[in-house]
Amino acid sequence: MQWNTFRSQSVSEGNRESLHVVVIGGGAAGFFGAIQAANAAKQSFPPLQVTLLEAAHQPLAKVRISGGGRCNVTHACFEPTTLIQNYPRGGKALLGAFNRFQPRDLVAWFAAQDVELKTEADGRMFPITDDSNTIVECLIWEAKKAGVMLDLGKPVLEVQRFTTEEGRQKFEVTLKSGKQIWCDRILLATGSNPKGYQIAKALGHTIEAPVPSLFTFNINDPQLHELAGVSVESAKLQLVPQEVESKAGKKAKNQLEQTGALLVTHWGLSGPAVLKLSAWAARTLHECGYQMNLRVNWLPQFHSEMVRQTLLDSKQEFFKRSLGSHCPFALPRRLWQYLLARTEIASDKRWSELPNKAINELTIALTASIYAIAGKGVFKEEFVTCGGVNLKEVDFKTMESRICPGLYFAGEVLDIDGVTGGFNFQSAWTTSWLAGQAIGARSQLAP
């Protein structure tokens, strides 16, 4: 699509007889909110002028690369009370919001634009084309149809609120170029860009300190690194309880745990279980400098005593076989051999030669291996931040600021984050839909 066919000819105060809305941020939340606002106000008078400002020269960057370039649009979870359980922060605030606009509504919206989504075995939803450009082009086209004016390469320097001589409340948006835009409403959809937090703070909001979420664990174990690519369908991960200084200065025990698929990498551990645990424990891990112990149960479907008994039974039944050639559990052979080495058991030793003490140690290795987390890695498909605008300062019926009337929020600029699987996009779609609808409805009222 040619951007110049979609750009406003002049980004200024606009038509004095119309209400002007500026959306700051050209990501999923910014586009969806701009579309909803413009369409909701189509029959209003005075008309609503919507301008979307994006600092980069290409919008929707995160949409383009998400899901490995396929765009994990949302998750097939259509019960709000279940859906909110996937949000370490913001779930309670989102409950009412999801009752108004949830994944089923989003699927219907895209279907109305001739974009069909499919559901994969794990619940993630993608366009049937398996191409994120399908979503990008849909949003750009719908924004153009709605009359949204897009300006690319327009970083915002600051935003100030003032009262005109006529007593009208307005915002003055100053671009990095020095150009100024006057508007009646602002939708802040800047994601985790620090500029968004600066703008919100300057307008009176409290910012919960942003820290990383959804990341992998670095483990300094060369032997483990040699297993890169090995995965198990289910492992239980638990951060070992220890005294941790909380943000309030009080000591709290962290007993966070997750069960799910686990992937060994050349730097440590990854996979859904790690990513979910990193999200739920984002602040705790940050406060510890990403230096904690991690307990791994490679066989969460069995009690430790069952594991021990299985090993004892194998000693009797397979007494002539070598330990390395026979694993009594459904584990990758390379992992089994690594765990033998971890407990200093020679893989060529016969099962009959395995002493009970070694069986006890192997049971611990299988059900409660301790690994020292030595930092966080990067999860490239989704880069999510824990933190943002304090949710108590936002009306979740309209997404309007309780502190600065006329200012609205959507997406990751808020202190909301979900686990991997399309949940972060869904919170962006939902909050921007609410904001857009509210802005469109208010356009019919005197500012």
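The values are calculated or read from the model by the stated rules, or taken from the named source; none is laboratory data. Just so it is clear, the model here is predicted, and its values are computed rather than measured. Every residue, glycine as well, gets a Cβ built from its backbone with ideal geometry; the counts of neighbours run over all protein chains shown.
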**Complete:** Pairing a residue in the stretch 129-147 that is in contact (Cβ under 8 Å) with a residue 40 or more places away in the chain with any residue that is surrounded by fewer than 18 Cβ atoms within 10 Å (Cβ to Cβ) and part of a helix (DSSP H, G or I), where Cβ atoms lie under 7 Å and the two sit 6 or more apart in sequence or on different chains, gives SER132/ARG64; SER132/GLY69; VAL136/ARG64
**Message:** One residue is enough: does the stretch 309-326 have a residue meeting the conditions in contact (Cβ under 8 Å) with a residue 60 or more places away in the chain and either assigned by TED's automatic domain parsing to the domain that holds LEU366 or in contact with a Pro (Cβ under 7 Å, 6 or more places away or on another chain) (or both)?
**Reply:** no
**Request:** Restrict the check to the stretch 386-407 and report whether at least one residue is closer than 20 Å to ILE65 by Cβ and of a type in the set (A, V, I, L, M).
**Result:** no
**Message:** Report every pair of residues separated by at least 6 positions or lying on different chains whose Cβ atoms are under 9 Å apart, first residue within the stretch 223-238 and touching a residue at least 24 places away in the same chain (Cβ under 8 Å) and at positive phi, second among the aliphatic types (A, V, I, L, M) and surrounded by 15 or more Cβ atoms within 10 Å (Cβ to Cβ).
**Reply:** GLY229/LEU263; GLY229/VAL264
**Item:** Matching entry among PHE383, PHE396 (being of a type in the set (Phe, Trp, Tyr), at pLDDT below 95 and under 30 Å from ALA37 (Cα atoms))
**Value:** PHE383
**Prompt:** VAL211 fails exactly one of the following numbered conditions: (1) β-branched (Val, Ile, Thr); (2) under 20 Å from HIS286 (Cβ atoms); (3) surrounded by 18 or more Cβ atoms within 10 Å (Cβ to Cβ). What is the number of that condition?
**Reply:** (3)
**Complete:** Given the conditions (1) out of contact with any His (no Cβ under 8 Å at 6 or more places or on another chain); (2) of a type in the set (Gly, Ala, Ser); (3) farther than 21 Å from THR265 by Cα, every one holds for ALA341 apart from (3)
**In the stretch 28-68, the residues that are modelled with pLDDT of 95 or more, out of contact with any strand residue (DSSP E or B) (no Cβ under 8 Å at 6 or more places or on another chain) and part of a loop (DSSP other than H, G, I, E, B)** = LEU60
**Asked** Is it true that LEU323 is under 20 Å from LYS236 (Cβ atoms), surrounded by 19 or more Cβ atoms within 10 Å (Cβ to Cβ) and of a type outside the set (Phe, Trp, Tyr)?
**Response** no
**Request:** Mind listing whichever residues of the stretch 281-314 are surrounded by 19 or more Cβ atoms within 10 Å (Cβ to Cβ) and of a type outside the set (S, T, N, Q)?
**Result:** ALA281, ALA282, ARG283, LEU285, MET292, LEU294, VAL296, TRP298, LEU299, VAL307, ARG308, LEU311
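Being basic (Lys, Arg) and in contact with an Asp or Glu (Cβ under 8 Å, 6 or more places away or on another chain) is the filter here, so list the residues in the stretch 129-156 that pass it.
Listed by number, the list holds a single entry, LYS154.
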**Prompt:** Taking ILE345 and the conditions (1) outside any helix (DSSP H, G or I); (2) of a type in the set (Val, Ile, Thr); (3) in contact (Cβ under 8 Å) with a residue 40 or more places away in the chain; (4) surrounded by 14 or more Cβ atoms within 10 Å (Cβ to Cβ), which numbered condition does it fall short on, given that it satisfies the others?
**Reply:** (3)
**Complete:** Across the stretch 243-266, the tally of residues that are modelled with pLDDT of 95 or more, assigned to a loop (DSSP other than H, G, I, E, B) and surrounded by fewer than 20 Cβ atoms within 10 Å (Cβ to Cβ) stands at 1
**Asked** Wholly within the stretch 368-427, which strands (runs of 3 or more DSSP E) include no fewer than the required count, namely at least 2 residues that are on the phi > 0 side of the Ramachandran plot and crowded, with 19+ Cβ neighbours inside 10 Å?
**Response** 384-389
**Message:** Please go through (1) assigned by TED's automatic domain parsing to the domain that holds GLU172; (2) under 30 Å from ASP122 (Cβ atoms); (3) modelled with pLDDT of 95 or more; (4) not hydrophobic (A, V, I, L, M, F, W, C) for GLN337 and return the number of the only condition it doesn't satisfy.
**Reply:** (1)
**Prompt:** Looking at the stretch 343-371, which of its residues are among the hydrophobic types (A, V, I, L, M, F, W, C) and in contact with a strand residue (DSSP E or B) (Cβ under 6 Å, 6 or more places away or on another chain)?
**Reply:** ALA368, ILE370
**Request:** Please list, ordered by first then second residue, the pairs with beta carbon atoms under 8 Å, 6 or more apart or interchain, first in the stretch 191-208 and in the same structural domain as SER427 (by TED's automatic domain parsing) and of a type in the set (Val, Ile, Thr), second assigned to a helix (DSSP H, G or I) and buried (at least 20 other Cβ atoms within 10 Å of the Cβ).
**Result:** ILE207/TYR197; ILE207/ALA200
**Prompt:** If you check ALA76, ALA61, ALA40, which single one turns out to be crowded, with 21+ Cβ neighbours inside 10 Å and of a type in the set (A, V, I, L, M, F, W, C)?
**Reply:** ALA40
